[in-house]
Amino acid sequence: MPVRAGGNPPPVALVTGAARGIGAAVVDGLVREGVAVAAVDVDEGGLAELAERSAGLVVPFAADVSDRAAVADVVAAVEKGIGPIETGVSVAGILRPGLLCDTTDEDWDETFAVNTTGVFLVLRELARRMVPRGRGALVTVASNAAGVPRAGMGAYAASKAASAMLTRCLGLEVARHGIRCNVVSPGSTDTRMQRQLWTGEDDLERVIAGTPEEFRTGIPLGRIADPADIAEAVLFLVSDRARHITMQNLFVDGGATLRA
């Protein structure tokens, strides 16, 4: 079990999708604050890299969030081996781009298995343990695509909208137990998922400028986000500075959706 200076155990967080991108930035931010992090991902290599730079505060768990038994086993192992989980951040997600009429059953099922069912499984497992303790903070990283229609991203947008609403509904149910549930909805962010959509040299400029032919506005702030930008919003919402904030959906997209 990680131990802080003075011999006291650090607070414990669980982060899914932790190996890279936004998830890794969240983990790094929590570690800077002295939090012990159970880092969950299917990318074992990424988890190993994360743990190596964490000064012993990151414990990797290779698991698929869409696997009910695996989620239950990881949470049980963390609570037994590291300590009571006070913070949960669900970042794990996949993108299968394509027009809805061209979306296969497999792509639809896999998208919802990770982006929606995976969030539900993690939230449920954590909330069940937090309720008796009367404290906890949960954040789901969704997407601004959940708030405005996107051509070629229907399955992804629908899955993220579902995960955002189930997080807020849980927040209503557990508020009386002192548990806060919030959503962070990023816009275009410089991650592997974002870059898989790019096919040309000017794709970054097109994202910032917008694509009117796809009815997509640009980014008023004139830049795409860095994963750290999203992580800072998450870190605020799980902190005591946000102790009176729950059931909210914070769009961190440079104004791209005009808060649709």
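Brief remarks follow.
- All positions within the stretch 54-69 that are closer than 22 Å to residue 170 by Cα and touching a Leu at 6+ places or on another chain (Cβ under 9 Å): 65, 66, 67, 68
- The stretch 146-158 - residue that is touching a residue at least 24 places away in the same chain (Cβ under 8 Å), in contact with a Gly (Cβ under 9 Å, 6 or more places away or on another chain) and assigned to a helix (DSSP H, G or I) and, of those, surrounded by the most Cβ atoms within 10 Å (Cβ to Cβ): 156
Condition check ((1) at pLDDT 95 or above; (2) in contact with a Phe, Trp or Tyr (Cβ under 9 Å, 6 or more places away or on another chain); (3) assigned to a strand (DSSP E or B)) across all residues:
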| residue | (1), (2), (3) |
| --- | --- |
| 34 | yes, no, no |
| 37 | yes, no, yes |
| 40 | yes, yes, yes |
| 47 | yes, yes, no |
| 55 | no, no, no |
| 59 | yes, no, yes |
| 69 | yes, no, no |
| 72 | yes, no, no |
| 75 | yes, no, no |
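- Checked against the criteria, residue 208 counts as surrounded by 13 or more Cβ atoms within 10 Å (Cβ to Cβ), more than 25 Å from residue 139 (Cβ to Cβ) and touching a Lys or Arg at 6+ places or on another chain (Cβ under 8 Å).
- Checking each residue in the stretch 211-226 for being part of a loop (DSSP other than H, G, I, E, B) and hydroxyl-bearing (Ser, Thr, Tyr) picks out only 217.
- Being modelled with pLDDT of 95 or more, over 15 Å from residue 116 (Cα atoms), outside any helix (DSSP H, G or I) and among the hydrophobic types (A, V, I, L, M, F, W, C) is true of residue 137.
- Residue in the stretch 1-10 that is among the aliphatic types (A, V, I, L, M) and surrounded by 15 or more Cβ atoms within 10 Å (Cβ to Cβ) present: no
- Test for residue 135: is it under 19 Å from residue 30 (Cβ atoms) and either surrounded by fewer than 23 Cβ atoms within 10 Å (Cβ to Cβ) or not β-branched (Val, Ile, Thr) (or both): yes
- Residue in the stretch 59-109 that is farthest from residue 145 (Cα to Cα), counting only those that are surrounded by 21 or more Cβ atoms within 10 Å (Cβ to Cβ) and hydroxyl-bearing (Ser, Thr, Tyr): 87
- Test: residue in the stretch 102-123 that is farther than 28 Å from residue 258 by Cα, part of a loop (DSSP other than H, G, I, E, B), at pLDDT 95 or above and touching a His at 6+ places or on another chain (Cβ under 7 Å): no
The values are calculated or read from the model by the stated rules, or taken from the named source; none is laboratory data. Since the structure is predicted, the reported quantities are computational estimates derived from the model, not experimental observations. Please note: Cβ atoms are built from the backbone with ideal geometry, for glycine as well, and neighbour counts cover all protein chains shown.
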